[in-house]
Structure formats: structure tokens, C-alpha cells
1. Could you list Glu185, Glu19 so that the one with the fewest beta carbons within 10 Å of its beta carbon is first and the one with the most is last?
2. For Ala218 and Arg17, calculate 0.36 nm times their separation in residues minus their Cα-Cα distance, and state this gained length in nm to one decimal.
3. log₁₀ I(q)/I(0) of the range 86-154 at q = 0.15, 0.16, 0.18, 0.21 Å⁻¹, via Debye over equal Cα point scatterers, no solvent, to two decimals?
4. Quick one: which of Lys13/Lys49; Lys13/Lys44; Lys110/Lys142; Lys114/Lys180; Lys118/Lys142 span more than 21 angstrom between C-alpha atoms?
5. In which sequence would Thr18, Thr4 go, from the one with the fewest C-beta neighbours within 10 Å to the one with the most?
6. When a footprinting reagent is the concern and you count Cβ atoms within 10 Å, what order do Asp73, Asp161 take, fewest first?
7. Under 17 Å between alpha carbons, and skipping anything fewer than 8 positions from Lys32 in its own chain: which aspartates and glutamates qualify?
8. Please compute the alpha carbon radius of gyration of the range 1-70, then divide it by the globular-protein estimate 2.2 N^0.38 Å. Two decimals is fine.
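What follows draws every value from the coordinates through simple rules; no lab data is involved. All of these numbers come straight from a predicted model, not from anything done at the bench. For neighbour counting, all protein chains shown are included, and Cβ atoms are generated from backbone atoms with ideal geometry for every residue, glycine included.
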Amino acid sequence: MTATILTINDLRKSYGRTEILKGIDLELLPGKITGLLGRNGAGKTTLMKCVLGLTSHYQGRLIFCGSPLDTSDTASKNRIGSLVDVQFYEDLNAYDNLMLSIRLIPSIPKKERKRRIKESLAFVELSNAARKKVKNFSFGMKQRLALALALITEPELLILDEPFVGLDPIGVEEVKELLKKLCRERGTAILFSSHQMQEVCDLTDHILVLSNGVISYADQNSHVDDQQAQLIELMK
């Protein structure tokens, strides 16, 4: 039986008197991509922030690799990568941006830093741009660099909030192929949110619809044309 990477039971989160998440249950499996659909304000980002430890005071159980998730623990936190509001130093090159970040991760020995950076840049196909200043990067290249940063710690779970926003069609296809490669070669579990129905249906193994604070749909991606119409109705 495949071990579950992340299990969420009855997750609830409120801001003041407004209940955003009303009892979320889900499981993420290694090597599988789960797409999270929902209208603006449905709670997708709030759900991801709970997993990443970027928001607190929620109720429910989050089990990561068999143990209660503790995002205050550095070792556990490094096992979860994310692509949320990533900022780079535009006047520095790609390699130096990653080096600045990796120096802040005590779990990665100094002698490992160069190897990790080179491997991450190679994985996202930016090796040839390693010494190029980020200000000269296209948006798609910056998105791939952000993914390289998320992969520095070799995470078992990757959380991506709207990873396709702002990308042109070629950039979308490049990121999709990288995510598939990540699952195939490293067995990483991926949860990503998106407003782009086609990308979710093309890429995912499982689809979730978050509506009015609950999961209104959770099933394997059947990759059929009429599924998109059904999902749109569930998001209303």
C-alpha cells in the first residue's frame, strides 16, 4: 500500500466570525498531482497557508508522513516545498539568488550547497542561465527559478498556489512537464491551485473542488470532456 504523504482531517479556519474552511478532509499520495479548484475567496490559499504554517489558530489534524505536522520544526518544514509569493534579488544572477537562500537552511551542509543548486537549476533547465541576472529573465524563467528554489531541500511535498498565472502557453507547458518529471523521478506529492480549468484537467491525477468552505468534489481525474462542465457547476 502506498504511504500517504499528507492527511488532513476536519480542518477548520475562521477569520473573526467568518468561517473560511468548514471541515476539510483530503489525502495526498507520493508521485501524484492533486489540483485544487475554486472561485476567488473559496479558501484555496487559506488551506495552503495552514499546511505551510503561514497561518495559525486553526482546528483539525494535519498528518505529514505519519506524524502530526509541525511547521515550527525546521526539519519538517524543509520537507515541504512551496511556490508562494517568491521574491528574488533582480540585480543578482540565478545561482547567487539560490546561494543566498540555501545559506539560511541549516540542515544543508556547506559542502552540499553547490551540488544542490546545480542539480536544482539543471532540473528546471536553467543551467545555461545560472550566471544571468534575474532582471533579464522572462516571467517563465522566473517561475522556473522559483521552482528550483522550492526543490533545494528535496521536498516530499510541493505546494503551488496558482503556478500558471502570468505564463504564456509555452511557459505553461514547460512548467507542466517539470511537475510531471518531478513526480515521475522523485515521487514528490504535489498540491496546486489554479483558476485554469484546462491546466488542472490536463495535469492532475486527482481533482478537488473547494466551494463554500468544504470539498464539494473529490475524485480521480477522468480526463473526459464533460468533466469540465461538471466541475464548473460545482464551483458555482
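1. Glu185, Glu19
2. In short, 69.6 nm is gained.
3. Those come out to -0.39, -0.45, -0.57, -0.78, one per q.
4. Over 21 Å Cα-Cα: Lys110/Lys142; Lys114/Lys180.
5. Thr18, Thr4
6. Asp73, Asp161
7. In chain and number order, the partners are Glu154, Glu156, Asp161, Glu177, Glu185, Glu199, Asp202, Asp205, Asp219.
8. That works out to 1.12 for the range 1-70.
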